[in-house]
Every structure is written in structure tokens, then in C-alpha cells.
1. Taking the residues in segment 91-122 that are among the basic types (Lys, Arg) and part of a strand (DSSP E or B) as candidates, determine which candidate is surrounded by the fewest Cβ atoms within 10 Å (Cβ to Cβ).
2. Kindly provide the set of residues from segment 198-216 that are within 16 Å of residue 50 (Cα to Cα) and free of Cβ contacts under 8 Å to residues at least 12 places away in the same chain, ordered by number.
3. Do the conditions hold for residue 140, that is, is it within 16 Å of residue 87 (Cβ to Cβ), in contact (Cβ under 8 Å) with a residue 40 or more places away in the chain and among the aromatic types (Phe, Trp, Tyr)?
4. Mind listing just one residue for me: the one in segment 159-191 that is buried (at least 19 other Cβ atoms within 10 Å of the Cβ) and touching a Ser or Thr at 6+ places or on another chain (Cβ under 6 Å) and, of those, farthest from residue 255 (Cα to Cα)?
5. Which residue out of 250, 260, 219, 231 is without any contact (Cβ under 8 Å) to a residue 40 or more places away in the chain, aliphatic (A, V, I, L, M) and in a loop (DSSP other than H, G, I, E, B)?
6. Being in contact with a strand residue (DSSP E or B) (Cβ under 9 Å, 6 or more places away or on another chain), small (Gly, Ala, Ser) and assigned to a loop (DSSP other than H, G, I, E, B): is that true of residue 72 here?
7. Residues that are within 15 Å of residue 139 (Cβ to Cβ), outside any strand (DSSP E or B) and under 15 Å from the mean Cα position of the chain (by Cα): does segment 82-90 have at least one?
8. Criterion first (in a loop (DSSP other than H, G, I, E, B), more than 30 Å from residue 93 (Cα to Cα), in contact with a Leu (Cβ under 9 Å, 6 or more places away or on another chain) and not polar (S, T, N, Q)) does residue 214 satisfy it?
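The values are calculated or read from the model by the stated rules, or taken from the named source; none is laboratory data. None of the values given here were measured: they were computed from a predicted structure. Here the Cβ positions follow ideal geometry from the backbone for every residue, glycine too, while neighbour counts run over all protein chains shown.
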Amino acid sequence: MRMNLSGLLLCALAPLLFAGCDNVATGDVRVTMSGGDGTQRGLPDTLFQDGWSVQFTKYLVSLGEVRLTSASGEVRDSPRHVLVDVQKGDIPLTELAGLPAGRWDVGFRVSPPRDGTELADGQVSAEDLRRMRERGFSYWVEGRAVKSGVGVFDFRMGFPVDARMVDCINGVDGTQGIIVPEGSRADVEVTIHAEHMFYDRLGTHRGVQLRFDAIAATATEGNLITPEGLASQLLTDLRGRDGGELRDAAGQPVVYLPGAHDVRTLQQFVTQSIVDQAHLNGGGVCTVAK
């Protein structure tokens, strides 16, 4: 039987063509969340402009909807949404398998718990979940702050962040997103930077000072700091524990700089400050998209 030239070429190329389609190199991704030393060991007084130290006993984060996007526009989603306590250690979030090898953008959402939000085993109570759902908090932190000559203050604070983080820079090498390796697994970490909570300016990570005096000044008579107390502290009229103008150790007025953000109370300021405290692989900053 005779075969024309095109038939011969098709037969010759078929193994290559079909092998290329069937054997796309793939890899896997595992995503964890960590609070690092800040949430687990606390923040020493050497970091604070006003001499406080902070220890966390609970640092709850409500986060999920991890999304990976390839250079060609392929999207892989994990719908899992979890409430975890990063003060207890690193927490697995999700795994995605069989992704084409190559570079992928990383995104995720920080948002209050909802129907279907999972609790980290043995870490978060049903009461924690109920409180955060009812008040719309995606962060809830508890702990203790100490300043020599001033005293010991307990805090129980919650913040209603709802933001999607996209276009994350990789904190390991400064590149965009992650590389999914061929025949292997990429380990990805969402890293919580607790120090953002105490920044004194918004819109930049440069030139910020960590402060606690204004927060401590909102405490109850029993030295307990709450969201209600933070909401009573006006940024344009910061008051100390004695009711007078809040000043630093040098006698200068304490100032919080809101930048372009319309925030009027310390509660609103801290909420805005921690919107972007979830980074990728250490210090990799993400873009905030509502």
C-alpha cells in the first residue's frame, strides 16, 4: 500500500506530538501559615520607641481562598478558609497538586470567619469563632504588655480586616510569586508580621516607629485594653492615662501619621496598619485588592 508524503510525516511526528501533550511536567504546592518570632516569642522593648515589650498568648487569623495563577492565565484555587492561632506555631493551610511546572502568582484572602470556616484542631475554640463572626473580626489577639516604671497591661483586641492579597513578592529571592518545580513540591509560607500592629504611620514600611503608649492609655481601670478603648482614642487628640496630652519621653507630642487613609481613631488606625501584615515567605509584600 502506498502512503503520501503528508501521511509519512504525520506518522513520523505523532510520537513527539502526543508525548508533548500527555507528559506536561508538573509539581505540587504546600501552603502553611506562620507568625514567626513576633507572635510566638513576642516583641522586646528594644523594638519600641517608648520602651514597652509585648507577649502574645493568642494570635488568631482568619484566612483562606489561596489562588495560584500561572503566566499563561491558568488558575488553581483552594476554597478552604481556616481560623488558626499562629501563636501556637506554624499551621498547614492547603495543598495543590499537579500544577504545570513554572512560575505562578500567589494570592489569598484575609476575612472574618463565615459558614464553612474550619477551626485548627485543638487551637481555636468555638467561643473564639463565635466572637469573631459576630463582630466581623479577622484578627483577634490576646497577651500582655510591660513597661518598666509603668506596669503590666493585658490586651484583648480584634480587628475587622477584609482584603484580598495579590501579586505577592517572594520574600526569599524578591521575585514575583513562586516557582513550581518539576516533579517536586514548592513549600510556601504566609508570614504574619505582628509588629505592624504597633506602627505609628500608614502607607509605608520605612521610617516607622513602634509605639504602645497611646494603646496603653486606653486601658480600663483594671489595665485591660479592648477594641472599645482603642476606638475612644482620637488620632487628632491623643490622650495619656492622666487625661492630658500624650507626650513621649522627650516631652514631644506623640503623633500618628495616617497618610492618605481616612482613619480617625486608634482602632481604625491599627486595623488599617495590619491590612497588609500577611506576607509571602517571610518579608515578601503583597498588593491589597478589595
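1. 103
2. Selection gives 207, 208.
3. The answer is yes for residue 140.
4. 189
5. Criteria check complete, one pass: 250.
6. Yes.
7. yes
8. So residue 214 fails the test.
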